[in-house]
Amino acid sequence: MLGQLILSGIATGSLYALTAIAVVLVFRNTRTINLAQGDFAMVGAFLGIYFLKQLGFSYYTTVLLVVASTTLLGVAVEWLIMRPIAKSDWLTLFTATIGVFYILTGVMGWIWGRDTKAFPVNFDPTPIDLGGALISMGHLYNIGWALAIGVVLYWFFNHTKQGIAMRAVTDDPEIAHLMGIPVKFIVMLTWGVAGFIAGFVGILIAPIIYVSPEMMDEVLVKAYVAAVFGGLYSIRGAVIGALMIGVAENLAGGYLDSSLKTSTAFIMIVVLLAFRPQGLIGVQKRREI
Amino acid sequence: MTLLKINQMEASYGAITALRGISIEVPERSIVTLLGANGAGKSTTLKCISGVVAPRSGSIEWQGKEIAGRSPNWVTRNGIAQVPEGRRIFKDLTVSENLIMGAYTRKNKDEINEDLEQVLELFPLLKERSSQLGGSLSGGEQQMLAIGRGLMARPVLLMLDEPSLGLAPIVISDIFEKLLKLNEERGLALLIVEQNMKLALKVSHYGYVMQLGQVMVEGTAEELREDKKVYESYLGAPEKSP
């Protein structure tokens with residue numbers, strides 16, 4: 001049972017991790033605490049159902065279309081809503097994302113209704129027996145996808161010009177501007193990457209938690225808790241935090257009481273903030289600068 | 001021929017006037033220095049040229065073309081690169097990533113790789129550390145990286161803001177030796193802002209002494225070395241013996 005709980009914890013944790021990465025990327029390039037990050041994924045999940053069931057597209061066509069749509073959604077939110085107020089203080093930016101959050105929740109509920117919907121899965125749901133432990137294919141599937149997306153992001157940020165430029169803007173936007181890097185375009189790209197990640201998260205998480213306008217609310221809060229582990233700055237910190245939360249809440253739910261599952265993440269953040277308010281991992285370097 | 005010709009340029013930050021009509025020229029293949037105490041307007045002058053600050057009035061002619069108010073992206077693409085004050089390298093990027101960012105505005109990959117090789121040849125220390133993070137370098141190495149990053153734009157004019165600031169004398173002379181070499185061998189024009197007057201006048205051909213947003217004195221390096229007024233405007237009092 002321990003093995004199963006840990007594995008399924010890593011599986012959900014890896015989706016928290018992807019969301020947390022998007023949160024960190026947007027925050028460190030734009031000072032924006034993006035409350036709508038979860039809803040980008042929610043929109044992706046609804047679109048996924050629409051493409052699969054209504055239009056009868058194949059699973060992979062659906063993935064492609066959903067990710068393209070949420071990427072554009074991220075870009076559109078930056079361009080239409082965030083860019084005009086980009087120079088405002090963080091509270092204004094944050095408030096604007098609350099607006100986006102409610103707009104997306106409302107519009108999706110209006111179009112597709114507020115009841116929860118099941119999302120068709122793309123794998124055999126029978127668990128496989130791995131040395132006595134029953135392993136759900138869904139968990140392995142999600143971990144596999146999350147790893148693949150992680151590798152793509154790693155490649156993008158370390159081996160492409162625009163990816164490196166995005167990190168340069170994080171590092172010193174003023175000097176990036178001086179070097180001729182189009183900072184506004186890079187910020188738009190950052191929101192695009194956040195949408196790109198959300199598209200995958202939406203499709204991967206939908207079979208686990210069902211699809212509804214509010215489906216991502218709890219996930220988003222946990223992703224934020226994870227991001228705070230890395231001081232809202234370190235991607236490595238956010239990923240480690242997310243996996244810890246995923247595993248810890250599963251263990252708490254499995255061994256103590258299932259009603260404690262959600263509280264676990266918050267107990268962790270309260271303890272973390274009490275002892276290390278600057279985050280747990282990877283922020284020391286920034287302090288030195 | 002004149003590369004850069006600034007005429008009666010004024011600039012201000014809100015209500016504070018930083019430049020009160022300065023005129024400066026940088027001829028081709030020359031080394032020109034802007035001297036002066038803190039707050040004289042030297043850095044603002046560079047910022048106006050690089051496009052970070054738009055001048056309020058006056059003109060900036062680059063290779064015969066008016067460029068005042070152009071974006072840093074345009075300016076970088078058209079042959080002017082800057083090494084900012086305090087190095088300001090990207091600390092969380094590796095040495096080679098820093099250099100690649102200097103060439104952001106360029107498209108030709110072969111040429112960029114060629115220049116990367118050249119820069120690493122010019123600064124062998126950077127070659128050894130090419131996969132290290134910029135923030136892990138020493139001050140002198142960071143300055144070399146900042147210069148290398150500027151060179152990656154393949155500039156005709158390289159502007160340097162206080163390149164000697166906070167560096168050990170031996171490192172300073174090493175860096176200036178490299179700059180002179182670039183000037184002599186490749187004809188790279190240099191516009192150097194320096195507080196270290198002796199050093200600046202030793203390497204440059206021509207100099208402008210600024211005070212409170214105006215050019216007080218200008219002349220060849222030799223003339224300025226002999227001019228008592230230079231020391232006065234600089235330190236507020238004549239220096240006893242040069």
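Laboratory data are not the source of any read-out in this text; all were calculated from the coordinates shown. What you see is a predicted model, and the numbers here were worked out from it, not measured in a lab. Cβ sites come from the backbone with ideal geometry, for glycine too, and all protein chains shown count toward neighbours.
For the pair B:Lys181 and B:Ser57, a Förster radius of 51 Å applied to the C-beta separation gives a FRET efficiency near 0.85, rounded to the nearest 0.05. For the pair B:Asn108 and A:Gln54, label points projected 7 Å from Cα toward Cβ lie 5.1 nm apart. For chain B, averaging the sequence separation of C-alpha pairs within contact (under 8 Å, six or more residues apart) and dividing by the residue count gives a relative contact order of 27 percent. Taking Lys and Arg as +1 and Asp and Glu as -1, the other residues whose beta-carbon sits under 13 Å from that of A:Gly241 total +2. The relative contact order of the range A:2-215, computed from alpha carbon pairs under 8 Å that lie at least 6 residues apart in sequence, is 43 percent. Here the Kirkwood formula puts the hydrodynamic radius of the range A:111-225 at 17.1 Å, using every distinct Cα pair.
Projecting label points 7 angstrom from Cα along Cα→Cβ for A:Tyr255 and B:Ser130 puts them 5.0 nm apart.
Using the Cβ-Cβ distance between B:Ile16 and A:Leu2 with R0 = 51 Å, the FRET efficiency computed as 1/(1 + (r/R0)^6) comes to roughly 0.15.
Rounded to the nearest 20, the size of the Cβ-charge dipole of the protein assembly as shown about its Cα centre is 480 debye, with Lys and Arg at +1 and Asp and Glu at -1. Seen from B:Arg77, the other residues with C-beta closer than 12 Å to its C-beta sum to a net charge of +4, counting Lys and Arg as +1 and Asp and Glu as -1. Annotation for A:Ala148 and A:Asp129: the two label points, set 7 Å from Cα along the Cα-Cβ direction, are 2.9 nm apart.
Over the C-alpha trace of the protein assembly as shown, radius of gyration and Dmax come out as 28.1, 92 angstrom.
If only the Cβ of Lys and Arg carry +1 and only the Cβ of Asp and Glu carry -1, the dipole of the range B:86-154 around its Cα centre is close to 320 debye. Each peptide among A:13-24, B:58-69 gets the average number of other Cβ atoms lying within 10 Å of its residues, and from highest to lowest they stand as A:13-24, B:58-69. Averaged over peptide B:84-91, the number of partner chain Cβ atoms lying within 10 Å of each residue's Cβ comes to 4.
Within straight cross-link reach of B:Lys198, meaning Cα distance under 23 Å, which lysines are found once same-chain residues fewer than 8 apart are removed? B:Lys198 reaches B:Lys42, B:Lys178, B:Lys181, B:Lys228, B:Lys229, B:Lys240. Note on A:Lys222: aspartates and glutamates with a C-alpha under 15 Å away, same-chain residues under 8 apart excluded, are A:Asp39, A:Glu214, A:Glu249. Seen from A:Lys184, the other residues with C-beta closer than 15 Å to its C-beta sum to a net charge of +1, counting Lys and Arg as +1 and Asp and Glu as -1.
A Förster radius of 60 Å combined with the Cβ-Cβ distance from A:Trp110 to B:Glu28 puts the calculated FRET efficiency at roughly 0.35. Under a model in which nothing but the beta-carbon of Lys, Arg (+1) and Asp, Glu (-1) is charged, chain A shows a dipole of about 600 debye around its Cα centre.
Simple rule: put +1 on each Lys or Arg Cβ and -1 on each Asp or Glu Cβ in the protein assembly as shown, find the dipole, and look at B:Ile100, A:Phe101, B:Tyr231; the Cα lying farthest toward the positive end is A:Phe101. Taking B:Lys5 as the anchor, which aspartates and glutamates have their alpha carbon closer than 12 Å to its alpha carbon, excluding any fewer than eight residues away along the same chain? Straight-distance partners of B:Lys5: B:Glu25, B:Glu28, B:Glu61, B:Glu66.
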